[in-house]
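Participant: I'd like to ask some things about the structure below.
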Amino acid sequence: MYIPNQFQFKDEAEKIAFMKQYSFATIVTNKEQIPIATQLPFYINESSDKLVLTSHFALANEQAKYIEANTSLVLFTEPHAYISPLHYDKAESVPTWDYISVHAYGKAKVLEDESSKIKVLEEMIRFYDQNYLAQWDSLSDKFKKGMMRGIVAFELEVTDLQGQKKLSQNKSKAERHRIVEHLEKMVNTVETDLAAYIRKL
């Protein structure tokens, strides 16, 4: 990732916090020199001295066949916005885009045994939907085992973590203030945009 000095994260902990907040990410892996990608929710585990990302593919997803032999790139990114030069002091200015992104690299390991799969699923439930845990616990073993046969669970140990926060740090305080005031007036959110797409079905 190209990271100008003024757009760097403060430290690794700040990158990890961002990944946890925006944990629906894109994993990219090479298949015979061609990149293939899948959007997945990730559980970020930093409890040991390693940073480990866990998730699962649908069994039919061919990308799962390539994640052990190849380094994958997981892209965490979410808040972003077009920034108009109308907010800048100088007339001779150009448009840009402000955004935050973290790139995590590593080779993944497929988790074959049932207990590891259960652990991955339950970690994700606790992270994403704690209220669902009681319902999950009440499900039959037969149903759970059937569901697990339909997924490929994996863990990816991060070997390189890169990040960029491009937030108009190269602009004046007054310019950033105008940008913030403009963005705070925006009513659209990712959730309301998604709801609009669903409504059109």
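The values are calculated or read from the model by the stated rules, or taken from the named source; none is laboratory data. Remember, it's a predicted structure, so these values are computed and weren't measured experimentally. Cβ placement follows ideal geometry from the backbone for every residue including glycine, while neighbour counts extend to all protein chains displayed. Accessible surface areas use protein heavy atoms only, side chains included; no ligands, DNA or RNA. Shrake-Rupley method; radii C 1.70, N 1.55, O 1.52, S 1.80 Å.
Participant: Take A25 and tell me if it is within 27 Å of R126 (Cβ to Cβ), surrounded by 15 or more Cβ atoms within 10 Å (Cβ to Cβ) and at pLDDT 95 or above. Explain how you work it out, then say what you get.
Facilitator: Details: within 27 Å of R126 (Cβ to Cβ): yes; surrounded by 15 or more Cβ atoms within 10 Å (Cβ to Cβ): yes; at pLDDT 95 or above: yes.
Yes, satisfied.
Participant: Quick one: which residue in F9, F18 is open to solvent by less than 60 Å² (accessible area, probe 1.4 Å), under 30 Å from S168 (Cβ atoms) and assigned to a helix (DSSP H, G or I)? Before you say what the answer is, go through the steps one by one.
Facilitator: On the way: F9 fails: assigned to a helix (DSSP H, G or I).
Of F9, F18, the one residue that is open to solvent by less than 60 Å² (accessible area, probe 1.4 Å), under 30 Å from S168 (Cβ atoms) and assigned to a helix (DSSP H, G or I) is F18.
Participant: If I filter the stretch 45-63 down to residues being within 15 Å of T26 (Cβ to Cβ) and of a type in the set (A, V, I, L, M, F, W, C), which single residue comes out as farthest from the chain's Cα centre (by Cα)?
Facilitator: So, considering only residues that are within 15 Å of T26 (Cβ to Cβ) and of a type in the set (A, V, I, L, M, F, W, C), the one farthest from the chain's Cα centre (by Cα) is F57.
Participant: Here's something else I'd like to know. How many of the residues in the stretch 156-185 are over 26 Å from I16 (Cα atoms), in contact (Cβ under 8 Å) with a residue 60 or more places away in the chain, out of contact with any Phe, Trp or Tyr (no Cβ under 8 Å at 6 or more places or on another chain) and not hydroxyl-bearing (S, T, Y)?
Facilitator: We begin by selecting, within the stretch 156-185, every residue over 26 Å from I16 (Cα atoms); these are 171-175, 177-179, 181-182, 185.
Applying the additional criterion that residues be in contact (Cβ under 8 Å) with a residue 60 or more places away in the chain yields 171-172, 174-175, 178-179, 182.
Subset that is out of contact with any Phe, Trp or Tyr (no Cβ under 8 Å at 6 or more places or on another chain): 172, 174, 178-179, 182.
If we keep only those that are not hydroxyl-bearing (S, T, Y) too, we end up with 174, 178-179, 182.
Residues in the stretch 156-185 being over 26 Å from I16 (Cα atoms), in contact (Cβ under 8 Å) with a residue 60 or more places away in the chain, out of contact with any Phe, Trp or Tyr (no Cβ under 8 Å at 6 or more places or on another chain) and not hydroxyl-bearing (S, T, Y): 4 in total.
Participant: Which ones in the stretch 106-141 are under 23 Å from V28 (Cβ atoms) and open to solvent by 70 Å² or more (accessible area, probe 1.4 Å)?
Facilitator: K107, K109, F127, Y128
Participant: Let me ask you something else. Would you check which residues across the stretch 28-39 are of a type outside the set (A, V, I, L, M), more than 24 Å from E122 (Cα to Cα) and in a strand (DSSP E or B) and list them? Outline the logic, then answer.
Facilitator: Within the stretch 28-39, the subset of a type outside the set (A, V, I, L, M) is 29-33, 35, 38-39.
With the extra rule that they be more than 24 Å from E122 (Cα to Cα), the set shrinks to 29-33, 35.
Scanning the stretch 28-39 gives T29, N30, K31, P35.
Participant: Under 6 Å between Cβ atoms, at least 6 apart or on separate chains: pull out the pairs that start in the stretch 27-51 with a residue that is charged (D, E, K, R) and end on any residue that is assigned to a loop (DSSP other than H, G, I, E, B).
Facilitator: K31/Y66
Participant: Just to be sure before I move on: is E191 at pLDDT below 95, among the acidic types (D, E) and open to solvent by less than 70 Å² (accessible area, probe 1.4 Å) in the structure I sent? Give the derivation first.
Facilitator: Details: at pLDDT below 95: yes; among the acidic types (D, E): yes; open to solvent by less than 70 Å² (accessible area, probe 1.4 Å): no.
Spelling it out, it is not the case that E191 is at pLDDT below 95, among the acidic types (D, E) and open to solvent by less than 70 Å² (accessible area, probe 1.4 Å).
Participant: With the requirement that a residue be more than 17 Å from H177 (Cα to Cα), of a type outside the set (A, V, I, L, M) and either at pLDDT 95 or above or over 19 Å from the mean Cα position of the chain (by Cα) (or both), what does the stretch 78-92 give you? Show your work before the answer.
Facilitator: Keep residues of the stretch 78-92 that are more than 17 Å from H177 (Cα to Cα), which gives 78-79, 91-92.
Remaining after also requiring of a type outside the set (A, V, I, L, M): 78-79, 92.
Scanning the stretch 78-92 gives a single hit, E92.
Participant: Could you list, in sequence order, all residues of the stretch 93-120 that are touching a residue at least 12 places away in the same chain (Cβ under 8 Å), under 17 Å from Y43 (Cα atoms) and more than 17 Å from the chain's Cα centre (by Cα)?
Facilitator: Scanning the stretch 93-120 gives K109, V110, L111, S116, K117, I118.
Participant: When Q33 is evaluated against the numbered criteria (1) loosely packed, with under 13 Cβ neighbours inside 10 Å; (2) under 19 Å from the mean Cα position of the chain (by Cα); (3) not acidic (D, E), which criterion, by number, is the only one it fails?
Facilitator: It is condition (2) that Q33 fails.
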